[in-house]
1. Restricting attention to the stretch 101-151, and to residues there that are farther than 20 Å from K86 by Cα and of a type in the set (K, R), which single residue is farthest from the chain's Cα centre (by Cα)?
2. Could you run through the stretch 66-86 and say how many residues are more than 15 Å from F138 (Cα to Cα) and within 23 Å of the chain's Cα centre (by Cα)?
3. State the number of residues belonging to the stretch 111-130 that are free of Cβ contacts under 8 Å to residues at least 40 places away in the same chain and either surrounded by 14 or more Cβ atoms within 10 Å (Cβ to Cβ) or part of a loop (DSSP other than H, G, I, E, B) (or both).
4. Among residues belonging to the stretch 79-95 that are surrounded by fewer than 18 Cβ atoms within 10 Å (Cβ to Cβ) and not in a strand (DSSP E or B), point out the one that is modelled with the highest pLDDT.
5. So how many residues does the stretch 9-66 have that are modelled with pLDDT under 75, assigned to a loop (DSSP other than H, G, I, E, B) and not aliphatic (A, V, I, L, M)?
6. Among the residues in the stretch 43-52, are any acidic (D, E), without any contact (Cβ under 8 Å) to a residue 60 or more places away in the chain, within 29 Å of T144 (Cβ to Cβ) and surrounded by 12 or more Cβ atoms within 10 Å (Cβ to Cβ)?
Amino acid sequence: MSPHPPPDVDRLASLMLALHGAHADPHPKATGRTTGLCSQTTTFASDSQHLAAVREATRADRERYLTAGLQPVDCRFCHARVKVKKLGPGYTAVQWNTEASRRCAYFAEIRAAGGDSARSRACPKLTDSIEHAVAEGFLDAVSTAPSPGDG
């Protein structure tokens, strides 16, 4: 048996908020009521300016997490355009969109044969195009974009 009981996470979170304030605001104006199981949660229902600021910060965070460092790359074979970020020699993040998925000739072949292109790991023609974009200097070999974390 452990000599120390596990920490009370709700109490620790409450102490951290009291010490540091809410996210991105060193002096939060906590107004409004809290209800339910999360009694430590602060709402800003009566402070519309603060609520708008929190919503904007959340939108900006979401956008940064989803798009930080992505660069457009066109497939040299079928001209499908995707967004790509190289995170190192063994990892490439590819963000497909509906138009690129429809346009991809490799995925079209899979669908024509009765398969599900969503189950394919990658398009080999696009992989070649990404390597070419790196070789030509159009795409960073390792993304220099800042981490999407706090910053």
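1. So the residue we want is R111.
2. Just the residues of the stretch 66-86 that are more than 15 Å from F138 (Cα to Cα), to begin with: 66-68, 77-80.
Subsequent filtering for residues that are within 23 Å of the chain's Cα centre (by Cα) retains 66-68, 80.
Summing the residues that are more than 15 Å from F138 (Cα to Cα) and within 23 Å of the chain's Cα centre (by Cα) in the stretch 66-86 gives 4.
3. Step one: filter the stretch 111-130 for residues free of Cβ contacts under 8 Å to residues at least 40 places away in the same chain, giving 111-122, 124, 127.
Right, trim to either surrounded by 14 or more Cβ atoms within 10 Å (Cβ to Cβ) or part of a loop (DSSP other than H, G, I, E, B) (or both) and you get 111, 113-117, 120-122, 127.
So the answer is 10.
4. H79
5. Final tally of qualifying residues: 20.
6. From the stretch 43-52, those acidic (D, E) are 47; that's our starting set.
With without any contact (Cβ under 8 Å) to a residue 60 or more places away in the chain added as a condition, the list becomes 47.
Of the ones still in play, those that are also within 29 Å of T144 (Cβ to Cβ) are none.
Checked against the condition, which is being acidic (D, E), without any contact (Cβ under 8 Å) to a residue 60 or more places away in the chain, within 29 Å of T144 (Cβ to Cβ) and surrounded by 12 or more Cβ atoms within 10 Å (Cβ to Cβ), the stretch 43-52 yields no hits at all.
Residue-by-condition table, conditions (1) closer than 28 Å to T58 by Cβ; (2) free of Cβ contacts under 8 Å to residues at least 12 places away in the same chain:
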| site | (1), (2) |
| --- | --- |
| A80 | no, no |
| V84 | yes, no |
| G88 | no, no |
| E109 | no, yes |
| E136 | no, yes |
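The values are calculated or read from the model by the stated rules, or taken from the named source; none is laboratory data. Computed from a predicted structure; not experimentally measured. Cβ atoms come from the backbone with ideal geometry, glycine included; neighbour counts cover every protein chain shown.
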